[in-house]
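Structure first, then comments.
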Amino acid sequence: MPNTRKLAGPHRRIPAQDSLWLHLDRPENRMVVTSVLWTRTPVDPARLRSVVSDRLLARYPVYFQRPVPHGRGLSWETDPEFDLGEHLLVRDLPEPADQAALEAFVAGRRGAPLDPRRPLWTIDLVRGYRGGSALVCRTHHAMADGIRLTQVLFSLLDPLDGETAPHAKVGGAGPHREAVAQPVVRLGAAVLRVLGDTGAKAQQQAARVHPVLESAVALPVLGATAVVGATGAVAGFVSSALSGGPRRAVDTVAGAATTLWHSATGAGDLLGPSTATGVWDGEPGVEKTAAWGDPVPLLTLARIGHETGTTLNDVCTALVAGALDRYFAAQGTARPEPSDLGWLIPVSLSSFDDELPADLGNHFSLVLAQLPLGRRTFAERLAEVHRRVARIRDSFEPALTFGVQYAIAQSPAALGLPASRFFAGKAVGVLTNVPGPRTPMTLAGARVEGIVGWAPCSGHQAITICIFSYAGEVRFGFGTDRKLIPDPEALVDALAKEFAEVSRVPRA
């Protein structure tokens, strides 16, 4: 086939929020987003080449461009020798061409570098997987964030029935508040929870020193809790007695105060001590892994969320927390008491738009979420996850952390890189939840059977987990550092056991 070429064009400065990911790229943690999908029947290479040319190369110039030094920064420069054949590669999967073989292939690609002399992306068409094909897409984070890259991937697909499939609309940076009857009471409850959590941690530390010190710490915490509780009760009573304009004004102020309080709590977590220490510590290596389990029914997860007053995202996240509990227990590394484990979660700062900007780029934030460990039951984990995720949603934390990311990107390397490692060290890894197409899709005429994809890790992080919904099913995928977590299949098994137990529990 003839090469697809582009003539050299003008430079385009790489924005700071995009060039940051080039500076963070390391052999032990490549800043590359990896997506995998597989089809029921073989994909024709020529037809796929046409789809990629029409829907990817013709729409997004960055797929023709490579990063080059320009002045004091970096710019995108059109590769004058661009050849689609160097980016769209056709390979045969070794026998027995099963899931283990595909996982091994994906693991090898996750650890491989992209050629800096060429545009920073590749697509591998892997033939022979279970009688069909697989597509392994790797794209450097500097080109776009994972949320936009997933949308780009979806643009290569067509609805199976020929009708336009609705996209899952995600994104937006503003706070999302749950509807409550008395915002004043909710504000008081938020303050009480923070006091309770902070007091419990302080008492645990004091108890390790001496019982007397534990009592000395407990008394002021109890006093402050009583004062806040009484103040909240009085404020709630007064608020309930109001009506009309005064009531709405009080509710508005209380809602805004709660949002600010939640934002301050998130900032405290970001600047406070890391909860990721002692878990998968060590220097990551170059080799990576990839593993995913059988799909679970979306309707079952949605039913659990409906019956418990939580969201589908809450249920999936609680399942991950339960799987981690099982994994640590099996490894003999479970913590002796309930604890938290920090994860970075990508949040889009752009409202959903069917037409992505031609230059793509990064417009997202990484928020720090603490997953609860050591809770006795799934119901306890789910309630705690729901509370914590709702706090993040009702805050300016995504905008705050985006500001931190931007400041790091604009800083000299001597300051920016240590700061980036500091914040990366707050989390053990990255957790993404991607709502994919709701109906079956095709790739170049072949029906897509499943999709998974991972965001990259940074710093010393050892694991990236994806929750990917597609056509009524949800898959959980684990990408780990082989040196620190050589057994991702144990995490897959733990997730399957957690779901099997949860789905058997009768609900009112």
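The values are calculated or read from the model by the stated rules, or taken from the named source; none is laboratory data. Predicted model, so just to flag it, every value in this text is computed and none were measured. Note that each Cβ is placed from the backbone with ideal geometry, even for glycine, and that neighbours are counted across all protein chains shown. Ligands, DNA and RNA are stripped out before the accessible areas are found, and what is left, the full protein with its side chains, is counted by its heavy atoms. Shrake-Rupley method; radii C 1.70, N 1.55, O 1.52, S 1.80 Å.
Annotations
- Condition check for Arg326: more than 20 Å from the chain's Cα centre (by Cα) and more than 19 Å from Val428 (Cα to Cα): no
- Out of Thr317, Thr258, Thr311, Thr300, sole residue that is open to solvent by less than 20 Å² (accessible area, probe 1.4 Å) and either modelled with pLDDT of 95 or more or under 18 Å from the mean Cα position of the chain (by Cα) (or both): Thr317
- Leading residue by the ranking (least open to solvent (accessible area, probe 1.4 Å)) among those in the stretch 44-71 that are within 11 Å of Ile14 (Cα to Cα) and more than 30 Å from the chain's Cα centre (by Cα): His70
- Test result for Gly278, over 22 Å from Arg387 (Cβ atoms), in a loop (DSSP other than H, G, I, E, B) and either under 20 Å from the mean Cα position of the chain (by Cα) or without any contact (Cβ under 8 Å) to a residue 60 or more places away in the chain (or both): yes
- Residue match in the stretch 338-346 (condition: touching a residue at least 12 places away in the same chain (Cβ under 8 Å), farther than 30 Å from His11 by Cβ and among the small types (Gly, Ala, Ser)): yes
- In this structure, Ala419 does not qualify as at positive phi, free of Cβ contacts under 8 Å to residues at least 60 places away in the same chain and among the small types (Gly, Ala, Ser).
- Tally of residues being surrounded by 20 or more Cβ atoms within 10 Å (Cβ to Cβ) and assigned to a loop (DSSP other than H, G, I, E, B) across the stretch 281-297: 4
- Cβ pairs under 6 Å, 6+ apart, first in the stretch 38-61 and within 20 Å of Asp98 (Cα to Cα), second among the hydroxyl-bearing types (Ser, Thr, Tyr) and in a helix (DSSP H, G or I): Trp38/Tyr129
- Residue, surrounded by the most Cβ atoms within 10 Å (Cβ to Cβ), within the stretch 12-43, restricted to residues that are within 22 Å of the chain's Cα centre (by Cα) and of a type in the set (Ser, Thr, Tyr): Thr34
- Residues of the stretch 419-475 that turn out to be charged (D, E, K, R) and under 17 Å from Trp292 (Cα atoms), as a count: 3
- Ala455 being closer than 28 Å to Ala302 by Cα, touching a Pro at 6+ places or on another chain (Cβ under 7 Å) and surrounded by fewer than 20 Cβ atoms within 10 Å (Cβ to Cβ): no
- All conditions in (1) in a strand (DSSP E or B); (2) modelled with pLDDT under 95 hold for Thr34, with the sole exception of (2).
- The helices (runs of 4 or more DSSP H) falling completely within the stretch 340-445 that include 2 or more residues that are open to solvent by less than 50 Å² (accessible area, probe 1.4 Å) and at pLDDT 90 or above map to 378-393.
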